[in-house]
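For reference, the structure discussed in these notes is given below.
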Protein chains: 2
Amino acid sequence: VTKISVIGAGAWGTALAQTYAASGHDVTLWVRETDLAETMRAARENTAFLPGIRLADSLNITPSLEEAARSEVLLLVVPAQFARSTLKSLAPHLKTGTTIVLCAKGIEIATGKLLTDVVAEECPGTSCAVLTGPNFAHEIAGGKPSASTIAAQNIDESKRIQSLLSSKNLRLYAADDVIAAEIAGAVKNVIAIACGIVHGLDLGESARAALVTRGLAEIARLTIAMGGKRETLMGQCGVGDMMLTCSSIKSRNFSFGVLMAEGKTPEEILASRSAVTEGVPTAKATAALAEKLGIDMPIVKTVDACLHHGLGVSEALAALMLRPARAELE
Amino acid sequence: VTKISVIGAGAWGTALAQTYAASGHDVTLWVRETDLAETMRAARENTAFLPGIRLADSLNITPSLEEAARSEVLLLVVPAQFARSTLKSLAPHLKTGTTIVLCAKGIEIATGKLLTDVVAEECPGTSCAVLTGPNFAHEIAGGKPSASTIAAQNIDESKRIQSLLSSKNLRLYAADDVIAAEIAGAVKNVIAIACGIVHGLDLGESARAALVTRGLAEIARLTIAMGGKRETLMGQCGVGDMMLTCSSIKSRNFSFGVLMAEGKTPEEILASRSAVTEGVPTAKATAALAEKLGIDMPIVKTVDACLHHGLGVSEALAALMLRPARAELE
């Protein structure tokens, strides 16, 4: 039994809390809004973000960050752009040696930094890992079998966390490359928007699969430039997650692209949603990072232009398809 | 303009012939049955394997292998288990320096050999390459955008063939690793059957994505053991093709798995189909190869056991899911 806190009660945070509670761990779920925490505690359901899933009676639900900070392992599942402020609030309450597992996916727009760097800055003295993979919240909360990557600075540390986070239906594969895991987890949401556009424009499944593969090549270029390894991307955090996020209309980022292809503006789509669509800020942050590092990321750049600079989706895709072919690993 | 012959008029062969003819090349399509060749020539349609696609007037259709052998580039698109006999018949008619591009996907059961080795044995003096990627025949024949890997012994040779095989909608990426391309093209059909089973058993999209990723890890192990490179698998021939074949009910191998999950026996499914389901013989050949080389390929082994040794699909999947987790790249 591990004492685990989940910080953030969106769909994925709630699903993780439920999965670990159902697997017999001692789990606390931190909910930012006091009202929502009380409602969830009484109803044993997160009707706003994970409707239809009954939460285990053993799951402790609290709006107190101080209470949540006391666990051995903290899973951070807040929107990426709120990671720093949440970590700042957590920091004074953390014990030395606490393990912080990033389950949020994104790049900080204000600084261009990865979230592992944000953890290191805001919560020194903690051990930081990344949990990312092909996981639909409803499926995992419903007990369906699944897998993810758990990446830490070295393989011994990731194996230690792997054993702390054992569960009935979420199998973790250990990796030693947090950079690749984080970049893949973040940038795949941008590629998923592009795939939604291709799907919405009816360009076919072959075109979508080809685009995902080129998207993975862009992720690999950024990963290598940031100090990560290409082969890490062949795991659940890279190929696995893209396989899911870039092919399913149930993915928030994919469906965002579909709506853009139907002629909706990004502002209209965002206004119609309560949950965060991480690919939207991540496109901006990644395009800026690629520019700064001098890395060719045409798909990311195109999605960013469609989202933030008024480029039309049809012209955008046409421009992408007309690029000359190259050697596969260039 | 390149003089191209396509050897084999199944769905993919016909689609390739149509794509290259529509792109302005001088294309001959070899059809094994004289009757079918005549019908196709008159109707400008392959009603048996690619209905609904009008074939270009410029496309030459012939039942004469001798006539087809005269082209500069030959695309071999016959079922894998018929590759050797077809190459044997072609050999006496080939000019030295003819380029043979393997578009068939499989491993020869009788010998455990890759098809590039079969080409080397039966047609010495030819240059051999592999064309493989995420391509649904109907989409490519219909002019939708797509991409594939073109792999040859070295990058200069693959770039030479890349430029010979330019087309309006099938973009080729050059690679120098025929072994990885061939193994991925063949074995992904086995993984697709497993994914169809997972889909048919309603285990969820997360489980399917995780299974594809572990399937890719098995393909990587075999690839490395055979002398190929892991990173080649990140291209259209590996990740790209799996993204398509392992997620779409339109894939013959995926739908084969779905029918197995519904309780049909492999014999019943095969009897109901006219087109070849390559994953069925490939499972047998790959399981034997893995055994011989001492490589751990649990998904392939399980699919082989379900297909050829009467293992039930539910027990099979349960056994797979219970395996202990490991480090991601082990």
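The values are calculated or read from the model by the stated rules, or taken from the named source; none is laboratory data. Owing to the predicted nature of the structure, the values given are computational and were not obtained by experimental measurement. Cβ coordinates were reconstructed from backbone atoms using ideal geometry, including for glycine residues, and neighbour counts include every protein chain displayed. Keep in mind that these areas ignore ligands, DNA and RNA; they rest on the heavy atoms of the full protein, side chains included. Shrake-Rupley method; radii C 1.70, N 1.55, O 1.52, S 1.80 Å.
A few remarks follow.
- Restricting region B:55-94 to residues that are β-branched (Val, Ile, Thr) and buried (at least 17 other Cβ atoms within 10 Å of the Cβ), the residue that is farthest from the chain's Cα centre (by Cα): B:ILE61
- Within region B:1-35, considering residues that are over 20 Å from B:SER274 (Cα atoms) and charged (D, E, K, R), the one surrounded by the most Cβ atoms within 10 Å (Cβ to Cβ): B:ASP26
- Pairing residues of region A:299-322 that are over 17 Å from A:VAL187 (Cβ atoms) with residues that are modelled with pLDDT of 85 or more, at Cβ distances under 6 Å and at least 6 apart in sequence or on separate chains, gives A:LEU311/A:ALA305; A:VAL313/A:ILE197; A:VAL313/A:MET260; A:VAL313/A:ALA261; A:VAL313/A:CYS306; A:ALA316/A:THR302; A:ALA316/A:CYS306; A:MET321/B:PRO145.
- Boolean, B:ALA261 is in contact (Cβ under 8 Å) with a residue 12 or more places away in the chain, of a type outside the set (S, T, N, Q) and away from chain A (no Cβ under 14 Å): yes
- From B:GLU291, B:GLU205, B:GLU278, B:GLU267, residue being open to solvent by 10 Å² or more (accessible area, probe 1.4 Å) and within 25 Å of B:PRO51 (Cβ to Cβ): B:GLU278
- Selection count, region A:166-182, where residues are more than 7 Å from chain B (Cβ to nearest Cβ) and among the hydrophobic types (A, V, I, L, M, F, W, C): 5
- Boolean, B:LYS250 is within 12 Å of another protein chain (Cβ to nearest Cβ), open to solvent by 50 Å² or more (accessible area, probe 1.4 Å) and within 26 Å of B:VAL130 (Cβ to Cβ): yes
Yes/no matrix, rows are residues, columns are (1) within 14 Å of chain A (Cβ to nearest Cβ); (2) β-branched (Val, Ile, Thr):
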{"residue": "B:GLU267", "(1), (2)": "no, no"}
{"residue": "B:SER272", "(1), (2)": "no, no"}
{"residue": "B:THR277", "(1), (2)": "no, yes"}
{"residue": "B:LYS284", "(1), (2)": "no, no"}
{"residue": "B:ALA288", "(1), (2)": "no, no"}
{"residue": "B:PRO298", "(1), (2)": "yes, no"}
{"residue": "B:VAL303", "(1), (2)": "no, yes"}
{"residue": "B:GLY310", "(1), (2)": "no, no"}
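- Region B:172-183, residues that are surrounded by fewer than 24 Cβ atoms within 10 Å (Cβ to Cβ) and under 18 Å from B:ILE4 (Cβ atoms): none
- Counted residues, region A:220-244 - those being facing another protein chain (nearest Cβ under 10 Å) and open to solvent by less than 30 Å² (accessible area, probe 1.4 Å): 14
- Against the conditions (1) at pLDDT below 95; (2) within 16 Å of the chain's Cα centre (by Cα), A:ILE249 satisfies every one except (2).
- Filtered residue count, region B:81-102, keeping only those that are of a type in the set (A, V, I, L, M, F, W, C) and out of contact with any Ser or Thr (no Cβ under 7 Å at 6 or more places or on another chain): 6
- Qualifying helices (runs of 4 or more DSSP H) (wholly inside region B:226-286; at least 3 residues being closer than 24 Å to B:ALA147 by Cβ): B:241-245, B:252-261
- So B:ASP117, is it under 18 Å from B:LYS88 (Cα atoms) and either surrounded by fewer than 22 Cβ atoms within 10 Å (Cβ to Cβ) or among the β-branched types (Val, Ile, Thr) (or both): yes
- Residue within region A:190-197 that is over 19 Å from B:ASN169 (Cα atoms), surrounded by fewer than 24 Cβ atoms within 10 Å (Cβ to Cβ) and away from every other protein chain (no Cβ under 11 Å) present: no
- Residue that is most open to solvent (accessible area, probe 1.4 Å), among those in region A:39-54 that are touching a residue at least 12 places away in the same chain (Cβ under 8 Å) and under 15 Å from A:GLY8 (Cα atoms): A:ARG41
- The set of residues from region B:1-20 being among the small types (Gly, Ala, Ser) and part of a strand (DSSP E or B) comprises just one member, B:SER5.
- Residue within region B:125-132 that is open to solvent by 10 Å² or more (accessible area, probe 1.4 Å) and either outside any loop (DSSP other than H, G, I, E, B) or within 14 Å of another protein chain (Cβ to nearest Cβ) (or both) present: yes
- Residue check, B:VAL300 part of a loop (DSSP other than H, G, I, E, B) and not polar (S, T, N, Q): no
- Pick from region A:151-165, criterion more than 9 Å from chain B (Cβ to nearest Cβ) and open to solvent by 10 Å² or more (accessible area, probe 1.4 Å), ranking: nearest to A:VAL1 (Cα to Cα): A:LEU164
- Elements of type helices (runs of 4 or more DSSP H) contained in region B:133-225, each with 3 or more residues being in contact (Cβ under 8 Å) with a residue 60 or more places away in the chain and more than 23 Å from B:TYR20 (Cα to Cα): B:178-200, B:205-225
- The lone exception for A:SER148 - which of (1) within 14 Å of chain B (Cβ to nearest Cβ); (2) open to solvent by 10 Å² or more (accessible area, probe 1.4 Å); (3) of a type outside the set (A, V, I, L, M, F, W, C); (4) within 16 Å of the chain's Cα centre (by Cα) it fails: (2)
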